[in-house]
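J.: Quick one: the structure is below, and I'll ask about it shortly.
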Amino acid sequence: MFNRIKYLALVSLLMFLVLTISATAASVNNIQDTGLEAFFDNTMKSKLEKYHIPNATVSVVKDGEIIYKKGFGLADIENNIPVDPDNTLFRIGSTSKLITWTAVMQLVEAGKLDLNTDINTYLDFEIPPQLEKPLQKTTTGPITMTHLMTHTPGFEDHPDMLFRLSEDELLPLNEYIKNNLPARIFPAGEVAAYSNYGTALAGYIVERLSGQPFSDYVEKNIFRPLNMNNSTYRQPPTLNSPARIAKPYRFINGSYTEAGFEYIMLEPAGVMSSTASDMASFMIAHLSDGAYSGGRILKEETLKEMHKPHFTYDPTLGGMTLGFMEGVFNDKEVLFHGGSTMLYNAGLYLVPEVNTGIFISYSGGNHLLHAEIFQDFMDFYYPIKAQIKGMPGEGSRERAKKFIGEYQMNRKSVTTDEKIAGILAGGIINVAIGEDGYLLVTNCGETNQFVEIEPGVYQNLREGRTQDAFGPFHKIIFKTDPMGRIMLTTDGPMTYSKAPFYSTFNFTALAAIIIILIVISSLIYWIIMLIPGWFKKGKNKISGFSDIASWVGICTSITILFLFTNLFSSGIDPVYQLPQEAYTTIEKPLLDFIPTLMWIFSGLLAPLTAIAWWKGFWGRIARVQYSIFTLAVMGLMWILNYWNLFI
């Protein structure tokens, strides 16, 4: 009897503890839910005011449920229509890629697609095995779907073939894919370089293997099973529902300016429009073994394969799963993907360890605000107690010297006139050494201190969010790229190779400035020197040669000034925040003659300079001046050809 009483007492105690713990856990969840609402309400309100964001939407999921969703600001300022998380659509940019990669995995699951087979098997045109410059004529292995999903196919990038403001300029996916095949500049699987074309190519393969237009396929096989009834890849969005897209605005000179609808060329890579509620359903499916609300988009084992790492330069770096970027935020593994159009921005973050997902989208703000908000969330709910510390070790300064320099993004063009966009659009990381031996790494205008933890491996001493769009940027590891150059690798699908001095931004900008100054001063000098000759009646041999040489110099100078004026005349549009050439086709027929004129003039300058020295025409100072001008023109010709500006 006594033993039975002890047994019952023990069971009662255990039941009491279980109930108490359960009640406490439920209470914590309730507190968290309440605190979550206050956190996002306060955070979003302050961010909207700080960055002048006209409209935004947020959804948060946890343990298979939507625990928070809300709209902020006005979807239509003129008509005073607020943002509704259920019925207001936002363009989500490259976050759309997650839908594309999910569609690819469905075909893998169905046995129609093999991740490691040459993608030429699935195409109706051929991607050649040859690489272009700088690895001209090198033959490399085939590109696979895994390469596309991890952004390692080795394609160059064409940034001006993405946005348009007129529907008439859109091309069907199959036509775009075939007519705008980028050059292969790296062996597949070796260099991470984010590729919109690679994602669009995967979407085209989805079309071919499914026998359906891409937008139809995802509506039937992803949106419909998850009841994502307010999501679409159609441009502009057309839905059988009251849902409407939030109008995009940009805060300019104290007021909001409405922008026009932007059309995006590469449909599978970034055209999707969706609501916070619909994206919450998508997040839950990815956190719940591929199923939600009675619908299933992937089997559990397929989802696990998709979420596990498939490419990284080092196990300690966040790399790529099959479609998701991965990184460690506040000691927690996070799967994520951001997205930007000219007018909208979005970010989707999954924290599998705590079964939580966050989606944020908005128009008219800075591109990385969603990352800032997510980091605030992580700091609030999962703060880090220990700070990273470290001191440069013995010999670390000497070892770091070879890493000093400018590193340019490997997402670039090398065969078109867009080559120079790589240094003008901010795709640069600068590495220097501080007096105390720390590595000073400047990325997106922000400089962080890194400390060596082993040769070639450096840890960022800063916790929290950085300005990098592809990951936490908490560690960098120096490798070697296929050209033998030092390559900076870090979290996510991007790498940076050390640039030779002649292709750095500083050298190019300084050379251009010096050349322009020489051209302008020479033009003024020749005009001044020619004026007295216009009033002389007779001509001698020297003055005749002088006039010819001077007029060649004047014509060359005018041509160069005209070229520079046209190259940099458009500037950055305040609404779309890109040069006009990036989103519309601009015809400049006069520029077509510039290369020919420049070749003719530069071909005349060299012999005229040689004759002047050989025959002793003019004074020594005049000959030196003409020689300097000729060298400046030759240097400009080299720069223009190096950056493909005469293509």
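J.: Where residues in segment 216-243 are touching a residue at least 12 places away in the same chain (Cβ under 8 Å), surrounded by fewer than 18 Cβ atoms within 10 Å (Cβ to Cβ) and among the charged types (D, E, K, R), which of them is farthest from Ser273 (Cα to Cα)?
T.: Arg224
J.: Could you run through segment 425-468 and say how many residues are aliphatic (A, V, I, L, M) and assigned to a loop (DSSP other than H, G, I, E, B)?
T.: Adding up the residues that qualify gives 2.
J.: So Ser277 passes all but one of these: (1) crowded, with 23+ Cβ neighbours inside 10 Å; (2) touching a Pro at 6+ places or on another chain (Cβ under 8 Å); (3) not in a helix (DSSP H, G or I). Which condition number does it fail?
T.: Among (1) crowded, with 23+ Cβ neighbours inside 10 Å; (2) touching a Pro at 6+ places or on another chain (Cβ under 8 Å); (3) not in a helix (DSSP H, G or I), the lone unmet condition for Ser277 is (3).
J.: On to the next question. Give Ile628, Ile639, Ile600, Ile572 a once-over and let me know the one that is without any contact (Cβ under 8 Å) to a residue 12 or more places away in the chain and either exposed (fewer than 13 other Cβ atoms within 10 Å of the Cβ) or under 16 Å from Ile516 (Cα atoms) (or both).
T.: Testing whether each residue is without any contact (Cβ under 8 Å) to a residue 12 or more places away in the chain and either exposed (fewer than 13 other Cβ atoms within 10 Å of the Cβ) or under 16 Å from Ile516 (Cα atoms) (or both) leaves just Ile572.
J.: Scan segment 197-245 for residues that are under 22 Å from Glu169 (Cα atoms) and part of a loop (DSSP other than H, G, I, E, B) and jot them down.
T.: Hits for segment 197-245 are Pro213, Tyr233, Arg234, Gln235, Pro236, Pro237, Thr238.
J.: Related question: Which residues, counting only those in segment 345-359, are over 16 Å from Ala56 (Cα atoms) and either without any contact (Cβ under 8 Å) to a residue 40 or more places away in the chain or of a type in the set (A, V, I, L, M) (or both)?
T.: Tyr349, Leu350, Val351, Glu353, Val354
J.: A follow-up question, please. Which of the numbered conditions does Asp314 fail, given that it passes all the others? Conditions: (1) outside any loop (DSSP other than H, G, I, E, B); (2) touching a residue at least 60 places away in the same chain (Cβ under 8 Å).
T.: All conditions pass for Asp314, except number (1).
J.: Consider Ser166 carefully, then state whether it is in the same structural domain as Gly270 (by TED's automatic domain parsing), buried (at least 17 other Cβ atoms within 10 Å of the Cβ) and of a type in the set (Gly, Ala, Ser).
T.: Against the criterion (in the same structural domain as Gly270 (by TED's automatic domain parsing), buried (at least 17 other Cβ atoms within 10 Å of the Cβ) and of a type in the set (Gly, Ala, Ser)), Ser166 does not qualify.
J.: Take segment 236-263 and flag every residue that is under 24 Å from Ser59 (Cα atoms) and either not hydroxyl-bearing (Ser, Thr, Tyr) or not assigned by TED's automatic domain parsing to the domain that holds Lys299 (or both).
T.: Residues satisfying the conditions are Pro236, Pro237, Leu239, Asn240, Pro242, Ala243, Arg244, Ile245, Ala246, Lys247, Pro248, Arg250.
J.: Then there is this: Got a sec? Which of Thr100, Thr146, Thr152 is among the hydroxyl-bearing types (Ser, Thr, Tyr) and assigned to a loop (DSSP other than H, G, I, E, B)?
T.: Thr152 is the lone residue from the list that is among the hydroxyl-bearing types (Ser, Thr, Tyr) and assigned to a loop (DSSP other than H, G, I, E, B).
J.: I need the full set of residues from segment 289-303 which are part of a loop (DSSP other than H, G, I, E, B), crowded, with 16+ Cβ neighbours inside 10 Å and over 31 Å from the mean Cα position of the chain (by Cα), in order please.
T.: Those that are part of a loop (DSSP other than H, G, I, E, B), crowded, with 16+ Cβ neighbours inside 10 Å and over 31 Å from the mean Cα position of the chain (by Cα): none in segment 289-303.
J.: Another one. Consider Gly422 carefully, then state whether it is outside any loop (DSSP other than H, G, I, E, B), crowded, with 16+ Cβ neighbours inside 10 Å and either without any contact (Cβ under 8 Å) to a residue 24 or more places away in the chain or not aromatic (Phe, Trp, Tyr) (or both).
T.: The answer is yes for Gly422.
J.: Of the residues that sit in segment 548-569 and are surrounded by fewer than 14 Cβ atoms within 10 Å (Cβ to Cβ) and of a type in the set (Phe, Trp, Tyr), which one is nearest to Thr630 (Cα to Cα)?
T.: Ranking the qualifying residues of segment 548-569, first place goes to Trp551.
J.: Would you pick out the residues in segment 111-127 that are without any contact (Cβ under 8 Å) to a residue 60 or more places away in the chain, assigned to a loop (DSSP other than H, G, I, E, B) and in contact with a Ser or Thr (Cβ under 9 Å, 6 or more places away or on another chain)?
T.: Within segment 111-127, Asp114, Asn116, Thr117 meet the criteria.
J.: Just to be sure, is Ile252 over 30 Å from Asn179 (Cα atoms), β-branched (Val, Ile, Thr) and under 25 Å from the mean Cα position of the chain (by Cα)?
T.: The answer is yes for Ile252.
J.: Right, another one. Residue under question is Lys69, and the condition is that it be at pLDDT 95 or above, in contact with a helix residue (DSSP H, G or I) (Cβ under 7 Å, 6 or more places away or on another chain), charged (D, E, K, R) and part of a helix (DSSP H, G or I); does it hold?
T.: Against the criterion (at pLDDT 95 or above, in contact with a helix residue (DSSP H, G or I) (Cβ under 7 Å, 6 or more places away or on another chain), charged (D, E, K, R) and part of a helix (DSSP H, G or I)), Lys69 does not qualify.
J.: Next up: Answer yes or no as to whether Ser94 is hydroxyl-bearing (Ser, Thr, Tyr), under 19 Å from His337 (Cβ atoms) and either touching a helix residue (DSSP H, G or I) at 6+ places or on another chain (Cβ under 6 Å) or at pLDDT below 95 (or both).
T.: yes
J.: Is it fair to say Glu353 is assigned by TED's automatic domain parsing to the domain that holds Ile66, among the acidic types (Asp, Glu) and farther than 27 Å from Tyr68 by Cα?
T.: So Glu353 fails the test.
J.: Now, a different point. Among the numbered criteria (1) more than 23 Å from Thr150 (Cβ to Cβ); (2) surrounded by fewer than 17 Cβ atoms within 10 Å (Cβ to Cβ); (3) at pLDDT below 95, which single criterion is violated by Arg465?
T.: The failed condition is (2).
J.: Residues in segment 57-71: is at least one of a type in the set (S, T, N, Q), in the same structural domain as Glu267 (by TED's automatic domain parsing) and under 24 Å from Ala188 (Cα atoms)?
T.: For segment 57-71, residues of a type in the set (S, T, N, Q), in the same structural domain as Glu267 (by TED's automatic domain parsing) and under 24 Å from Ala188 (Cα atoms): absent.
J.: Could you identify the single residue in Phe507, Phe450, Phe478 that is more than 17 Å from Thr316 (Cβ to Cβ) and out of contact with any Cys (no Cβ under 9 Å at 6 or more places or on another chain)?
T.: From the options Phe507, Phe450, Phe478, the qualifying one is Phe507.
J.: Yes or no: Val451 surrounded by 21 or more Cβ atoms within 10 Å (Cβ to Cβ) and in contact (Cβ under 8 Å) with a residue 12 or more places away in the chain?
T.: No; evaluated as a whole, the condition is false for this residue.
J.: Identify the single condition in (1) more than 15 Å from Val58 (Cβ to Cβ); (2) touching a residue at least 40 places away in the same chain (Cβ under 8 Å); (3) in a loop (DSSP other than H, G, I, E, B) that Gly365 does not satisfy, given that it satisfies every other one.
T.: Looking at each condition in turn, Gly365 falls short on (1).
The values are calculated or read from the model by the stated rules, or taken from the named source; none is laboratory data. Here the structure is a predicted model, which means the values were calculated and not measured. Note that each Cβ is placed from the backbone with ideal geometry, even for glycine, and that neighbours are counted across all protein chains shown.
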